[in-house]
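The values are calculated or read from the model by the stated rules, or taken from the named source; none is laboratory data. Small disclaimer: the values here were computed from a predicted structure and weren't measured. Backbone-built Cβ (ideal geometry, glycine too); neighbour counts: all protein chains shown.
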Amino acid sequence: MSDDSLQDKLKPTPITARAVVVALLISLVFAYIIPYVDVYLKDTFLGAQHLPPGSVFMLLALTLGINPLLRLISPRAPLTRTELLYIYCMTLFSTLVPGHGAENVIIPVSVTARYFASPENKWEQLFHQYIPDWFAPTDPEVVRQFYEGLSPGASLPWNHWLVPMAVWGGVSLLLYVLVMCLSVLFRRQWADHEKLVFPLVALPLEMTSPANRPEGSFYGNKLMWVGFGVAVVVQVLSGLKYYYPSFPGLKLFVDFQPLLKEEPWRAMGWTPGYIWPSVIGITFLLRSEISFSLWFFYWFTKAQTVIAHLLGYRWGGRSTSWGYAAWLGYQPVGGYLAYVGISFYAARQHLKYVWEITCGRAPEPGNEGLSYRAALIGAVASLAALIGFCLVAGMGFWPAAVQISIYVVIAMSLSKVVVESGLLFVQATFPALDTMALFAGTRAIGARSMTVATFIERGFMTDLRAFLMPSYLQSLRIADLTNLDKRGLLLNAGVIIILCTAVAYWRNNELAYRFGALRCNEWWARSAGEGGFKLLGNQLQVPLPPDAVGITSLSLGGLFTLGLYAMRQRFTWFTLHPVGFIMMHTYPMIMLWFSIFLGWVFKAVVMRYGGYRGLQATTPLFLGVAFGDITMMVVWLTVDAILGKHDHFLLPG
């Protein structure tokens with residue numbers, strides 16, 4: 001099989017020194033300020049999503065602020081489109097590495113087990129003996145000050161944190177290498193062969209498009225500015241309402257609860273209807289089958305709860321992440337496994353080609369971020385190193401191998417969801433430790449393995465809204481479309497990631513000790529770790545046997561996903577997509593479903609009455625809505641920081 005293409009034969013555009021310097025400076029600024037916004041102010045996140053507001057606003061400032069000034073110096077002085085997009089790609093890493101979720105949550109998770117231990121929960125007796133001393137500081141006063149703040153005149157106890165930060169920083173970097181290699185291995189398959197649309201790259205590409213192209217520039221399109229203006233007005237009124245509750249601002253929320261008070265509809269539980277303009281704008285860019293499937297399967301979940309209620313099924317049972325409804329929660333877990341299996345099956349010819357290259361029987365394609373041989377070796381080596389870390393920490397071999405393999409399944413699934421559906425943020429509903437217990441029971445895993453696995457799961461796998469594989473894939477896609485040098489891009493991204501990881505670890509610790517972590521973002525400081533250790537304590541006190549209900553649910557979810565795939569292959573009219581099924585029971589869908597529904601309705605109306613021409617004509621309008629909404633996020637964040645306002649969300653927290 002030959003993967004040669006026109007892009008392979010073109011000489012890639014090199015990355016200029018000034019673009020590298022500008023990207024580095026901007027990235028270091030983001031690494032410093034984002035923890036303050038995300039962790040302490042607890043406001044709309046500058047990063048922590050895959051179309052980061054910080055990155056978009058930075059691109060706006062460069063194109064409409066800095067470049068016009070540079071043009072006054074010389075017509076050749078402004079940053080070129082390639083330079084602007086390279087800088088944007090670097091900020092896809094520098095806004096996510098220090099942001100809410102992803103790998104930096106391991107810092108509070110590492111000390112949660114000690115601070116929140118009590119005679120009532122018996123954590124100290126149950127599992128403290130299995131925690132390696134190099135996971136976190138062990139001095140009780142150092143742990144207390146992390147959560148309650150330093151005493152007057154005290155200095156931050158860095159000597160207690162150097163080893164834990166080096167350990168967890170090393171694990172983070174291994175995960176970054178792993179997902180980078182996976183991105184290189186699957187980027188061509190997903191972009192060129194499966195033709196995934198990468199909807200989140202549309203806005204930065206449009207923002208940097210040449211002004212002299214036949215269809216006109218992005219900034220010269222009047223409809224774009226109409227959409228921009230609508231979003232600005234909406235967010236100004238909404239923000240004024242937030243600051244002045246008596247102000248008659250817009251209410252960007254539809255309350256469905258009054259409609260669900262009666263039996264059996266009350267079984268649906270919490271059903272919010274949030275209106276996020278940027279989500280509506282991005283949804284308009286999606287294939288209708290994707291957007292329809294996302295909101296349809298959200299209601300498919302609700303329908304299942306109503307049917308179960310009518311049949312007399314009640315929640316309860318096992319002490320696991322899905323203990324209240326294992327029959328429902330494990331369905332998408334089976335979907336994850338089937339979805340990744342389908343991805344490998346669809347990529348079988350491409351992976352055969354990769355193997356032939358690795359064995360020296362086929363030539364490497366041009367302009368890849370890494371050679372396929374290096375990417376495959378790097379992926380295997382990082383997997384082996386991660387499993388080795390788990391073994392050194394005390395896990396048994398099979399639990400370590402299964403947990404790291406599940407991370408790969410989650411990373412690939414969620415990344416493909418982002419590049420296929422354009423969801424701004426994603427989270428996994430695939431609890432690795434619970435899934436192992438589902439099949440083997442907790443006794444077979446062992447107390448020591450369960451303890452170490454809890455740190456890894458809660459620190460690196462539970463809150464993946466800002467993990468980096470989608471950033472690699474989007475950056476490589478942008479490089480594809482603009483012929484940017486991919487090798488230079490990945491090399492510089494590696495430098496940015498290392499620097500931002502170091503700054504973020506220091507900054508998060510500094511904020512926790514200065515203000516007290518208990519005054520910071522509750523999920524980051526407490527819930528991410530405490531929830532996992534509560535389950536661990538319960539499971540050690542009352543061991544769990546294998547669970548037939550959960551296994552059946554997982555199996556049916558996998559079969560259902562395979563059935564969706566088979567129907568799509570056989571019938572062109574079948575519109576339900578597996579993406580909707582695997583995301584149906586997640587926090588992102590709870591928060592975004594209504595905006596996705598609205599975006600789908602708007603696109604359906606345009607297609608019904610305007611056809612393809614109408615779609616082309618109105619796309620700038622919806623891009624403008626997303627652009628204006630994201631711009632206002634940064635404006636309000638600036639106001640919030642100046643006034644010291646907390647908990648102001650223009651996107652889900």
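Residues of the range 91-136 that are assigned to a loop (DSSP other than H, G, I, E, B) and surrounded by fewer than 21 Cβ atoms within 10 Å (Cβ to Cβ): Phe116, Ala117, Ser118, Pro119, Glu120, Asn121, Lys122, Pro132.
Just for the range 587-607: of the residues that are within 17 Å of Leu286 (Cβ to Cβ) and not hydrophobic (A, V, I, L, M, F, W, C), which one is farthest from the chain's Cα centre (by Cα)? So, considering only residues that are within 17 Å of Leu286 (Cβ to Cβ) and not hydrophobic (A, V, I, L, M, F, W, C), the one farthest from the chain's Cα centre (by Cα) is Lys603. Applying the criterion of at least 1 residues that are under 13 Å from the mean Cα position of the chain (by Cα) and in contact (Cβ under 8 Å) with a residue 24 or more places away in the chain to the helices (runs of 4 or more DSSP H) found wholly in the range 414-521 leaves 469-482.
Using the structure shown, decide if Ile498 is in contact with a Leu (Cβ under 9 Å, 6 or more places away or on another chain), closer than 30 Å to Trp158 by Cα and surrounded by fewer than 24 Cβ atoms within 10 Å (Cβ to Cβ). Steps first, answer last, please.
Values: in contact with a Leu (Cβ under 9 Å, 6 or more places away or on another chain): yes; closer than 30 Å to Trp158 by Cα: yes; surrounded by fewer than 24 Cβ atoms within 10 Å (Cβ to Cβ): yes.
Considered against the rule, which asks whether it is in contact with a Leu (Cβ under 9 Å, 6 or more places away or on another chain), closer than 30 Å to Trp158 by Cα and surrounded by fewer than 24 Cβ atoms within 10 Å (Cβ to Cβ), Ile498 comes out as yes.
Restricting the first member to the range 100-117 and to residues that are farther than 22 Å from Ile34 by Cα, and the second to residues that are small (Gly, Ala, Ser) and part of a helix (DSSP H, G or I), the beta-carbon pairs closer than 6 Å and six or more apart or on different chains are Thr112/Gly529. Applying the set (1) surrounded by 24 or more Cβ atoms within 10 Å (Cβ to Cβ); (2) of a type in the set (S, T, N, Q); (3) within 30 Å of Leu92 (Cα to Cα) to Gln427 leaves exactly one unmet item: (1).
Just to be sure before I move on: is Leu205 touching a Ser or Thr at 6+ places or on another chain (Cβ under 9 Å) and modelled with pLDDT of 85 or more in the structure I sent? Yes, satisfied.
Scanning the range 230-250 for residues that are in contact (Cβ under 8 Å) with a residue 12 or more places away in the chain and outside any helix (DSSP H, G or I) yields Gly249, Leu250. Could you look through the range 251-278, keep only residues that are within 12 Å of Phe594 (Cα to Cα) and in a loop (DSSP other than H, G, I, E, B), and pick out the one that is farthest from the chain's Cα centre (by Cα)? Residue satisfying both the conditions and the ranking: Phe256.
Here's the yes/no breakdown for (1) closer than 20 Å to Trp524 by Cα; (2) surrounded by fewer than 15 Cβ atoms within 10 Å (Cβ to Cβ); (3) in contact with a Leu (Cβ under 7 Å, 6 or more places away or on another chain); (4) aliphatic (A, V, I, L, M):
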position: Glu141; (1), (2), (3), (4): no, yes, no, no
position: Leu182; (1), (2), (3), (4): no, no, no, yes
position: Leu185; (1), (2), (3), (4): no, no, yes, yes
position: Leu196; (1), (2), (3), (4): no, no, no, yes
position: Pro199; (1), (2), (3), (4): no, no, yes, no
position: Leu203; (1), (2), (3), (4): no, no, yes, yes
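For the criterion of being surrounded by fewer than 18 Cβ atoms within 10 Å (Cβ to Cβ), within 22 Å of the chain's Cα centre (by Cα) and among the aromatic types (Phe, Trp, Tyr), Phe344 passes.
Of the residues Phe45, Phe30, which single one is assigned to a loop (DSSP other than H, G, I, E, B) and of a type outside the set (Gly, Ala, Ser)? Step through it out loud before you land on a result.
Numbers: Phe30 fails: assigned to a loop (DSSP other than H, G, I, E, B).
Testing whether each residue is assigned to a loop (DSSP other than H, G, I, E, B) and of a type outside the set (Gly, Ala, Ser) leaves just Phe45.
Based on what the data block shows, is Tyr147 more than 20 Å from Cys520 (Cα to Cα) and assigned to a helix (DSSP H, G or I)? For Tyr147, the condition - more than 20 Å from Cys520 (Cα to Cα) and assigned to a helix (DSSP H, G or I) - is not met. Note on the range 433-444: among residues that are of a type in the set (A, V, I, L, M) and surrounded by 24 or more Cβ atoms within 10 Å (Cβ to Cβ), the one that is nearest to Gly532 (Cα to Cα) is Leu433.
Yes/no matrix, rows are residues, columns are (1) over 30 Å from Val418 (Cα atoms); (2) modelled with pLDDT under 95; (3) touching a Cys at 6+ places or on another chain (Cβ under 9 Å):
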| residue | (1), (2), (3) |
| --- | --- |
| Ala117 | yes, no, no |
| Phe127 | yes, no, no |
| Ala136 | yes, no, no |
| Val142 | yes, no, no |
| Gly153 | yes, yes, no |
| Ala166 | yes, no, no |
| Leu173 | no, no, no |
| Cys181 | no, no, no |
| Leu196 | no, yes, no |
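How about the range 93-108: which of its residues are hydrophobic (A, V, I, L, M, F, W, C) and either at pLDDT below 95 or out of contact with any helix residue (DSSP H, G or I) (no Cβ under 6 Å at 6 or more places or on another chain) (or both)? Full working, then the answer.
Kept after step one, since they are hydrophobic (A, V, I, L, M, F, W, C), are these residues of the range 93-108: 93, 96-97, 102, 105-107.
Result: Leu96, Val97, Ala102, Val105, Ile106, Ile107.
Within the range 393-407, take every residue that is touching a residue at least 40 places away in the same chain (Cβ under 8 Å) and of a type in the set (A, V, I, L, M, F, W, C) and give me the one that is surrounded by the most Cβ atoms within 10 Å (Cβ to Cβ). Restricting to residues being touching a residue at least 40 places away in the same chain (Cβ under 8 Å) and of a type in the set (A, V, I, L, M, F, W, C), the top hit is Met395.
When the criteria are applied in full, Ile87 fails the requirement of being within 30 Å of Arg443 (Cα to Cα) and either within 26 Å of the chain's Cα centre (by Cα) or among the aliphatic types (A, V, I, L, M) (or both).
Residues to consider are Phe649, Phe574; find the one that is out of contact with any helix residue (DSSP H, G or I) (no Cβ under 6 Å at 6 or more places or on another chain) and surrounded by fewer than 23 Cβ atoms within 10 Å (Cβ to Cβ). Walk me through how you get there before you give the answer.
On the way: Phe574 fails: out of contact with any helix residue (DSSP H, G or I) (no Cβ under 6 Å at 6 or more places or on another chain).
Answer to the selection: Phe649.
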